[in-house]
1. Mind ranking 303-310, 601-608 by how tightly packed they are, going by the mean number of other C-beta atoms within 10 angstrom, highest first?
2. Calculate, for THR654 and ALA95, the FRET efficiency according to 1/(1 + (r/R0)^6) with r their C-beta to C-beta distance and R0 56 Å; round to the nearest 0.05.
3. How big is the shadow of the Cα convex hull of the stretch 569-684, averaged over all directions, in nm²?
4. How much solvent-accessible surface does ARG638 expose, in Å² to the nearest 10, with a 1.4 Å probe and all protein chains in place?
5. Calculate the spin-label point distance for VAL139 paired with ARG582, positioning each point 7 Å from the Cα along the beta-carbon direction, and give it in nanometres.
6. Quick one: net charge around ILE296, please, counting Lys, Arg +1 and Asp, Glu -1 for every other residue with C-beta under 13 Å from its C-beta.
7. Given H placed on each backbone N at 1.01 Å, which residues far from ALA628 in sequence or on other chains put an amide H within less than 5 Å of it?
8. Considering the Cα trace of the stretch 638-701, what is its radius of gyration and what is Dmax, both in angstroms?
Amino acid sequence: MGLRIPLLFVAVLAVIGFSAGPALAAGTSSGDVSSFSFQPSGTAAGSSQDLNLNVAFSASPETMQLNMAPGLWASLSTGYPGTQIGTGKASLTAAGLLPQTANLTLTTTAPAAAGGLQPCSSSNPPGPCVLLGLSLVAVDSTFGLSVTAPGYAVLNPNGTATNLSIRFPSIPNSADGIPIAITNLQLTLAKSTTVGCGSSAPSKCGPFVRLPSYTTPAKSTASVSDWSNGTGSASDTFTPTGTPDYKPAFGTTTATANSAANPDGSYSAKVEIDVTEPDYSQGVNEAGTSGMQLVIPTSALWVSGQAIKDLCGAYDPSPPATCDPARNITNPIQVGTVSLGTPLLPTGDPHSTGEFLLSGSIDNPIATIKFPGLGGLSFSGSIPDATIGANPEVNFNNIPDVPFSSLDVTLGTTDANGNPGMLNAACGNISSTLNATFYSWWAPTTQDGVSPTMTGNGAPCTPGGDGGYDSGPTGINTPDPGPGPTYTPPASTSTDTTDNSAPSTDTSSGSPSSVSGSPSSGSQPTGSSAPSSGTPSSSGSGGSGSAGGTSTTTPKPTPATPAAKPKVGKPTLTNIVLTGVRTRKPKLAFTVNQGKNAAKISSFTVEPPGAFSFNKNALKKDLKITGAKLKSYKLSGRKLTIYLKTAASHPRVTLNAGALSEWKQLQTAVKKHKAKSLNMNVWASAGKTSTPFRSTIKKFS
């Protein structure tokens with residue numbers, strides 16, 4: 001894919017040694033490397049720049065490897081076989097004579113197995129893979145000597161630390177039978193390629209090198225070995241600067257119900273979400289996306305019963321169906337496909353096709369976007385388990401610094417195993433807002449104008465037409481009518497339909513309501529019109545009765561109308577105070593409040609905003625509870641569950657500095673007044689009910 005080529009190019013350039021341009025400050029070096037410099041011609045974050053490498057050797061090198069800084073890429077759409085990507089000079093001695101200068105050219109070749117690695121392909125196992133072959137040629141104009149050093153570029157998939165490395169496994173020490181010794185390499189990897197492209201190969205022309213979009217030090221390292229088994233190492237750092245552009249938006253966002261119902265009466269939805277970065281094609285320096293949160297409205301879609309069953313490590317289908325909520329499933333399940341559009345890859349490149357996977361457990365659902373053709377490069381996101389019954393959401397927070405012009409996600413009506421898909425559709429025409437928050441590598445920021453309307457044709461509005469499943473603390477319960485005007489099962493059913501993870505139903509706010517005329521076992525009309533259990537007796541109407549006999553009815557007393565149960569309110573979060581963000585010493589405090597007429601709070605789970613995570617070793621000292629006594633706590637990923645010795649009405653939590661870690665990007669965004677709000681998820685348990693809700697923090701410092 002195009003991405004692999006740029007990375008390879010950059011690595012190769014670094015390995016070979018960049019030159020051209022003014023003298024550059026040297027990095028650190030040792031052993032066989034007497035000096036080392038690896039710097040771009042400019043430092044604008046996310047921009048295209050020439051890359052200049054200058055490396056001097058105390059002994060002629062046999063091997064060389066350059067490990068590029070994460071986020072330092074070359075355009076894959078430019079570097080296909082036969083494209084010249086770099087030029088420079090090499091200093092060498094031949095047969096012990098005075099130093100000579102040779103001209104260097106670096107061109108791309110087809111990827112092939114090398115160094116125990118296979119070419120990047122979806123048919124090969126995940127891990128480091130060969131993106132591109134390289135050929136470094138040095139020609140001495142004085143003696144006409146020609147030396148070729150084969151090389152290759154490797155993609156190392158590792159989350160946010162994903163990077164490229166350039167490897168030259170066999171640098172010659174002779175040419176045409178004449179001994180040579182290389183003392184210096186200078187190479188410039190061009191920011192744009194023009195040689196080896198043109199009208200016959202337009203996809204090979206254009207911007208080539210792309211700098212990281214973060215503004216913290218970017219460090220690249222090099223290692224060499226000589227022909228006498230000596231070794232050396234070096235490193236150099238540059239810091240990208242400026243404010244790269246970042247304007248995520250949405251293209252197509254649709255949800256369409258399958259034409260045929262699932263066995264449980266629900267209708268699987270095909271969902272298409274297209275995240276775009278419209279300005280990249282205009283040549284604007286773009287920041288990469290480091291994280292994103294997508295919240296799907298329950299009025300349109302919700303997690304299907306099949307997906308919940310898939311997440312069960314020990315599913316028992318016998319009524320009432322249950323599973324082990326904490327047990328992970330054995331193998332991730334593919335529930336959709338992904339297509340990546342990036343300036344680093346040509347349109348339609350097979351390496352840009354990926355998978356959308358579902359894994360984890362009911363307690364800790366995980367969504368993963370994976371690109372098998374790029375060595376299994378992937379990034380995962382948490383799915384807060386409580387949102388399964390509310391507004392389903394996914395939080396990706398480890399996306400590599402790769403610019404993309406589009407990220408198309410399609411969740412199918414069936415998964416890879418032929419079972420119903422991950423999401424069910426609500427009934428009727430779908431028109432709901434998809435909420436999204438994006439974080440850039442330059443600085444996390446909540447973007448305006450990225451809440452598109454999801455449209456499409458939903459399920460039929462018939463009994464069971466959009467049936468889903470509840471998920472409670474013990475796993476799967478029974479078909480749930482879901483949102484919208486749907487069928488309500490008879491009250492006489494013996495199956496437990498309590499949803500222990502979703503907010504309680506409130507028909508006054510657009511939650512599920514019964515279709516008029518739905519059967520309701522055991523409910524009878526009340527008042528004078530109600531039929532009594534005994535037929536009224538009559539007298540005097542028989543043929544032998546007295547003349548003018550009368551008929552008398554003995555009325556039954558009217559049953560008293562049961563007193564209405566008080567409405568149970570939901571827990572709330574108040575008095576949220578977040579400080580220390582500017583200094584990356586965050587302190588968070590908040591109060592969890594008992595709902596009106598509800599049971600007291602016995603436990604609650606907190607998932608902090610995406611730019612924070614808990615420090616396990618500091619919680620014992622820095623977690624404080626007032627208004628209640630702490631019994632114990634449990635940390636699972638980014639979720640902290642707090643158990644109280646005695647249920648309380650208003651327990652207050654204080655997480656002192658040390659309990660939370662903070663992304664540096666958020667600190668930068670706050671200082672530049674770019675961060676507008678932060679979302680935090682809470683699940684509060686009171687009695688037998690667990691209620692999820694989200695709070696938005698709008699004031700922090």
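1. Working: 303-310: 24.9, 601-608: 22.4.
Answer by packing, highest mean first, reads 303-310, 601-608.
2. So, using R0 = 56 Å, E works out to roughly 0.15.
3. 6.9
4. 50
5. 6.1
6. Combined, the nearby Lys, Arg, Asp and Glu give -2.
7. ARG652
8. Expressed in Å, the Cα Rg and Dmax of the stretch 638-701 come to 15.1, 45.
The values are calculated or read from the model by the stated rules, or taken from the named source; none is laboratory data. Predicted, not measured: the structure shown is a model, and the values here were computed from it. Note: ideal-geometry Cβ built from the backbone for every residue, glycine included; neighbour counts use all protein chains shown. Note: accessible area is taken over every heavy atom of the protein model, side chains too, but ligands, DNA and RNA are not part of it. Shrake-Rupley method; radii C 1.70, N 1.55, O 1.52, S 1.80 Å.
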